Amino acid sequence: MSAPPLLSRLTRRGRLMAKRRCDRRAHAFTLGRFLFRTPTAWEYAAAVAGGSDPAAQRWLGWLPGSVVAEPMRGEALRVVPGTGPEWTTPDPHSVDVVALDLVAGRCAGLVSVHAGEDGGPETGGYLAPAYRGRGLGRELFAAGLALAHEHLGLTSVRAGAEIGNVASGRSLEAAGLRRVAGPPRYTLPDGRTCEAWWYRHDVPWPDRCGGPPAKWLG
Ligand SMILES: CC(C)(COP(=O)(O)OP(=O)(O)OC[C@H]1O[C@@H](n2cnc3c(N)ncnc32)[C@H](O)[C@@H]1OP(=O)(O)O)[C@@H](O)C(=O)NCCC(=O)NCCS
């Protein structure tokens, strides 16, 4: 006999909350103070809300339809990790994991490995306001490197930051990326072009985990 709907929902929830390792549906790994995991729909909404404030949008430049406005933003930021239905990213060229603060019971940010403008793999991400300015960007971007090299089998990954985004540049370097030459500009989703600093990280022997592969990488 199958479980009644509520019980089955709670069971699914419990499984998600307990997930600490990759399986074919999700990536999951711990780094520093966060658990990084393929988000549920609600966790993804919380992460997007965490990048929707004007200070973050100054650098992220999303299309207006992607930005979560108040009062929804505050509401979404209160999502409890482990809740919400399974979810599939709308962007087939991106593997996203959310940073979950299981002590505070909050979604702290998101980091991805995605196809850059030239199709090559890039990492990038953001933290919710309450998690910025505390040196946690280093852990966020170190998780981007772990995702690229230890889960997706990439020998090389790069990252761009707008010139002047010192917090981003310093966090990327603190995570281990080094400054390299690159295209002078890149374009944000809202169409604004900005001058770029580029960073890169390489490993000789990358690994693949049992989690969902990045299909666009082949
Ligand atoms: C980018 C981001 C992930 C960085 O993480 P963070 O933990 O908040 O970074 P911090 O504020 O701790 O800054 C990192 C370093 O830069 C320094 N720094 C930050 N802003 C600075 C400034 N304006 N001038 C000089 N130094 C600055 C910090 O003092 C810190 O120095 P340290 O390495 O000596 O400790 C986070 O700020 C964020 O999500 N920002 C909004 C979205 C965004 O910009 N995403 C990246 C797009 S490329």
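The values are calculated or read from the model by the stated rules, or taken from the named source; none is laboratory data. In this text, all values refer to a predicted model and were calculated from it rather than measured experimentally. Cβ sites come from the backbone with ideal geometry, for glycine too, and all protein chains shown count toward neighbours. Ligands, DNA and RNA are excluded from the accessible area calculation, which covers all protein heavy atoms including side chains. Shrake-Rupley method; radii C 1.70, N 1.55, O 1.52, S 1.80 Å.
Here are a few things to note about the model shown:
- Per residue, segment 21-208 exposes 47 Å² of accessible surface when a 1.4 Å probe is rolled over the protein heavy atoms with every protein chain present.
- Portion, in percent, of the accessible area of the chain that falls on carbon or sulfur, probe 1.4 Å: 57
- For segment 150-218, the C-alpha radius of gyration sits at 1.28 times the compact-globule guess of 2.2 N^0.38 Å, with N the residue count.
- Working note: 222 nm ellipticity from helices only, DSSP H runs with n ≥ 4, each -39,500 (n - 2.57), summed and divided by the residues of the chain, gives -7500 deg cm²/dmol to the nearest 500.
- Helix 137-146 axis versus longest C-alpha principal axis of the chain: approximately 80°, rounded to the nearest ten.
- Segment 113-188: GluC sites (Glu not before Pro) in DSSP loop, at most 11 other beta carbons within 10 Å: Glu117
- Angle in degrees between helix 41-50 and the longest Cα principal axis of the chain, rounded to the nearest 10: 40
- Taking the chain and dividing mean pair separation by its residue count, relative contact order in percent (alpha carbons under 8 Å, at least six apart): 20
- Rounded tilt (10° steps) of 166-175 against the dominant C-alpha axis of the chain: 70
- By average C-beta atoms within 10 angstrom, highest first, the peptides 199-205, 60-66: 199-205, 60-66
- Cβ-defined net charge surrounding Val113, 13 Å radius [Lys, Arg +1; Asp, Glu -1]: -1
- The orientation-averaged shadow of the Cα convex hull for segment 77-218, equal to a quarter of the hull surface, comes to 9.3 nm².
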